[in-house]
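To start, the structure under review is shown below, and the notes come after it.
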Amino acid sequence: MTDARHVLVLPDRDAAEEVAEELPDRFGVTEEPQLVRDALAGEDDAEDAQWLVVIEDPTGRLDTASLDEFAAEHDGWLETP
């Protein structure tokens, strides 16, 4: 599989930023991951938003099981397509 995109879902901005900072050291990610606020459907409170860390994987070399475990360390998960 090539030209993959992985989306990690995190509980808050702090967790998303921490994950994004650790990605280069942990997985050798060279492209800056994109952080996206994902408001939960029906929620008006900005605090009730999940954060997504979008990782481009053009060579398809990242292991999805490892990414999921990594996200779980931060109370998150890897979104499956």
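The values are calculated or read from the model by the stated rules, or taken from the named source; none is laboratory data. Predicted model, so just to flag it, every value in this text is computed and none were measured. All Cβ positions, glycine included, derive from the backbone under ideal geometry; neighbour counts span all protein chains shown. Just so you know, the surface numbers come from the protein's heavy atoms only, side chains and all, with ligands and any DNA or RNA stripped out. Shrake-Rupley method; radii C 1.70, N 1.55, O 1.52, S 1.80 Å.
Values for this structure:
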quantity: Convex hull volume per residue for the chain, taking Cα atoms only, in Å³; calculated: 85 Å³
quantity: Farthest toward positive dipole pole in the chain [+1 Lys/Arg, -1 Asp/Glu at C-beta], among Leu23, Ser66, Ala4; calculated: Ala4
quantity: Carbon + sulfur, % of accessible area of the chain - ligands and nucleic acids excluded, 1.4 Å; calculated: 43 percent
quantity: Accessible area in square angstrom per residue, the chain, 1.4 angstrom probe; calculated: 65 Å²
